[in-house]
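Here is the structure we will look at, set down as structure tokens.
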Amino acid sequence: MEAAHLEMTGIRHAYGPVTVLDVPRFSVFRGECLAVLGPNGSGKSTLLRLASLQERPTQGKISYRGEEIGRRNGLDVRRRFVLLLQRPFLFAGSVERNILYGLNVRGTPRPEMKRRLEKAASLCSIGHLLGRDARKLSGGEVQRINLARAFVLEPDILFLDEPFSPLDAPSREELIAELGRVLRATGQTAVFVTHHREEAAYLGDRLAVLAGGKLLQEGRTEEVFAAPVDDEAARLLGHATLLKGIVEEQRGDLLVVAHGGHRILAAGRADAHSEVLLFVRPEDVLLARQRFESSVRNWFEGRVVEVVPSDRFALITLDCGFPLKALLTKASVEELGIRPGEIAWAGVKASSLRALPAGAENGNGEA
Amino acid sequence: MLASLDPEVARAALLTLKVSGLATLIALGLGIPMGLWLSMARFPGRRLLVSLINTGMGLPPVVVGLFVALFMWRTGPLGGLHLIYTPAAMVIAQVIIVVPIIAGLSLAAFQNIDPLAVLQARALGASNLQAALVLFREARLPQLAAVMAGFGGAISEVGAVLMVGGNIKGHTRVLTTAIVQETRMGRFEVAIALSLVLLALSFAVNFLLTSIQQKGAKAWKPRTWR
């Protein structure tokens with residue numbers, strides 16, 4: 001396996017008596033975009049500040065290209081990185097002055113500054129803003145300037161702390177797409193933290209899941225999304241329905257799990273008679289008025305408890321003896337006439353139901 | 001007298017500018033780094049130090065004059081320097097009066113800047129010193145208010161310069177001490193003329209600083225109902 005570009009080992013960070021981060025190992029590889037997904041207060045911003053060398057961890061080692069970071073090389077290595085703050089601060093003066101700030105503190109020669117400025121301005125489409133007063137920009141423009149201010153430095157690693165969270169939905173989608181385009185076009189190594197699953201899924205080549213200051217899981221993005229290691233990771237990754245059952249038998253790659261009179265087929269491995277937790281993502285649940293012949297192995301009859309509409313979809317909660325959530329388009333909800341109190345059938349493919357040992361300890365298992 | 005600019009008045013006015021201007025410059029060099037440091041550092045006793053500086057902003061000039069005189073007196077610890085009754089002693093006394101004003105107002109100015117400014121500078125690769133300079137640049141407008149207050153405190157002060165300068169005609173006589181002298185002697189018209197010169201000087205310096213401070217500051221007035 002390729003050696004890590006940036007490697008953190010035995011990291012523990014505390015503010016006073018409170019340990020906010022405890023990560024035995026965290027690696028960033030060259031050319032990848034690593035997404036760190038976690039809820040508010042999970043320690044993801046702290047992880048980012050430590051990795052980008054903005055703060056020194058209470059305990060632990062950080063090395064960059066095999067060289068350990070210390071007081072001697074701390075500033076030099078930090079200058080190869082850029083951290084994009086969640087709430088960018090624009091310095092008083094023009095947009096151009098803001099973009100050139102990082103080059104100025106590095107003592108970059110004038111002609112090189114000019115060349116980089118032009119490149120970054122065209123990359124982030126902000127050429128027309130350069131002369132403007134930095135304090136008189138819209139939210140979307142501020143984020144673009146913020147990106148340009150980072151790209152102009154051509155950093156070895158770009159760190160982004162929830163860069164889109166202050167934006168409205170259309171600007172956010174536009175900027176995410178733009179960032180994805182720029183990252184891929186430049187082969188930029190990037191680490192970004194977010195609490196939005198869609199951002200992580202869209203931008204991340206690899207995904208690390210963080211909760212309570214601990215790394216729950218790390219791996220290829222699609223693999224992590226498909227196979228959470230425990231219930232906490234499953235919830236963070238959007239697997240909604242959780243129910244406990246007892247394993248009756250293992251049939252090849254599938255488990256037969258008993259739960260309140262149901263015999264459910266799920267993907268996973270576990271010992272017979274052991275207790276497992278079952279997860280399914282709401283978008284993998286099929287709803288119908290009648291059960292029908294298909295490859296779907298699990299069918300549950302239930303009463304509609306709640307219908308929560310959002311922009312194009314509706315989240316439906318069904319009481320099947322356990323709560324089961326399904327995500328449908330609004331058109332399907334209309335067509336099927338799904339309303340609270342109605343009876344409906346939910347179908348779940350065995351491959352979409354994940355079984356994990358109940359009471360799994362949080363660890364750093366590879367996905 | 002004013003129209004013909006009496007040489008004695010001109011000399012006192014020039015010395016006033018020199019002494020108070022130099023004292024303000026030295027106090028800026030000491031007070032701004034002190035305010036910057038206090039705005040960023042956290043250590044035991046910081047609150048006590050800030051309280052002392054805030055108290056120092058209202059330091060009675062005669063008390064400063066007394067202690068500077070005691071130090072500079074021929075028999076005092078610094079008597080060997082022969083500074084008493086020289087403009088240098090007046091500058092030293094005024095620096096002591098002005099430093100707390102500049103440090104206190106600078107501290108307030110720096111603390112008013114969003115702490116994100118420093119984080120942002122570091123995030124873009126600034127060293128700790130470069131990040132502190134960002135704070136200085138962001139606070140440059142309120143800093144000018146500190147300069148004005150400091151210079152105002154120095155130029156209007158009379159107690160300390162009188163005690164350590166001695167109001168020696170042609171040597172240590174400044175406008176304020178001259179005004180005291182003329183008033184004592186009942187020459188009110190001269191005292192009034194000197195006061196007008198002092199006010200004009202003070203206004204000229206402050207007008208210059210205000211022009212710098214207010215340059216480019218456009219009023220933003222929203223449309224409101226009332």
- Task: Report ³J(HN,Hα) in whole Hz for each residue of region A:121-133, in order, from the Karplus equation J = 6.51 cos²θ - 1.76 cosθ + 1.60 where θ = phi - 60°; Gly and Pro get x.
- Result: 5, 6, 4, 9, 6, 10, x, 6, 9, 3, x, 6, 6
- Task: May I ask you to list the lysines whose Cα is less than 23 Å away from that of A:Lys244, ignoring any residue fewer than eight positions away on the same chain?
- Result: A:Lys325, A:Lys349
- Query: A:Glu248's amide H: which non-local residues (gap 5+, or another chain) put their own amide H closer than 5 Å, with H modeled 1.01 Å from N in plane and none for Pro or chain starts?
  - Reply: A:Val256, A:Val257, A:Ala258, A:His273
- Message: Cut-off under 14 Å on the C-alpha distance; same-chain residues fewer than 8 positions from A:Lys44 excluded. Which aspartates and glutamates are left, in chain and number order?
- Response: A:Asp22, A:Glu55, A:Asp161, A:Glu162, A:Glu218
- Note on the structure: For region A:52-186, the Cα gyration tensor yields equivalent-ellipsoid semi-axes (√(5λ), largest first, whole Å) of 26, 19, 14
- Query: Amide H to amide H, which residues 5 or more places from A:Leu353 or on other chains are under 5 Å from it, using H placed in the peptide plane?
  - Reply: A:Ala267
- If r is the Cβ-Cβ distance from A:Gln250 to B:Leu25 and R0 is 60 Å, what FRET efficiency results, to the nearest 0.05? 0.10
- In whole Hz, with x marking every Gly and Pro, tabulate ³J(HN,Hα) for region A:326-343 from phi via Karplus 6.51 cos²θ - 1.76 cosθ + 1.60, θ = phi - 60°. 10, 10, 10, 6, 4, 4, 5, 4, 4, 4, 7, x, 7, 9, x, x, 6, 9
- Message: As a test of the formula, what do you get for chain A when each DSSP H run with n ≥ 4 contributes -39,500 (n - 2.57) and the sum is divided by the residue count, at 222 nm and rounded to the nearest 500 deg cm²/dmol?
- Response: -7500 deg cm²/dmol
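Using Cβ contacts closer than 10 Å as the measure, can you line up A:Asp284, A:Asp168, A:Asp161, B:Asp6 from fewest to most?
Listing A:Asp284, A:Asp168, A:Asp161, B:Asp6 from fewest to most nearby Cβ atoms yields A:Asp168, B:Asp6, A:Asp284, A:Asp161.
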- Residues A:Leu48, B:Leu208 in order from fewest to most other beta-carbon atoms within 10 Å are B:Leu208, A:Leu48
- Which FRET efficiency value, to the nearest 0.05, do you get for A:His273 and A:Asp168 by plugging their Cβ-Cβ distance into 1/(1 + (r/R0)^6) with R0 = 60 Å? 0.70
- Message: Just to confirm the filter: which chymotrypsin sites (Phe, Trp or Tyr not before Pro) across region A:1-80 are DSSP coil and have at most 16 other Cβ within 10 angstrom of their Cβ?
- Response: A:Phe29
- Using the Kirkwood formula over every pair of different C-alpha atoms, what hydrodynamic radius in Å results for the protein assembly as shown? 29.8 Å
- Alpha carbons only, please: Rg and Dmax for region A:232-357, in angstrom. 14.4, 43
- Put a dot 7 Å past each Cα toward the Cβ at B:Lys18 and B:Ala200; how far apart are the dots in nm? 2.0 nm
- Have a look at chain B and give its Rg and Dmax from the Cα atoms, expressed in angstrom. 20.6, 71
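Here, each number is a calculation from the coordinates, and none is a lab measurement. Just so we're clear, the structure is a prediction, and the values are computed from it rather than from any experiment. Because the Cβ atoms are built from the backbone with ideal geometry, glycine has one as well, and the counts that use them run over all protein chains shown.
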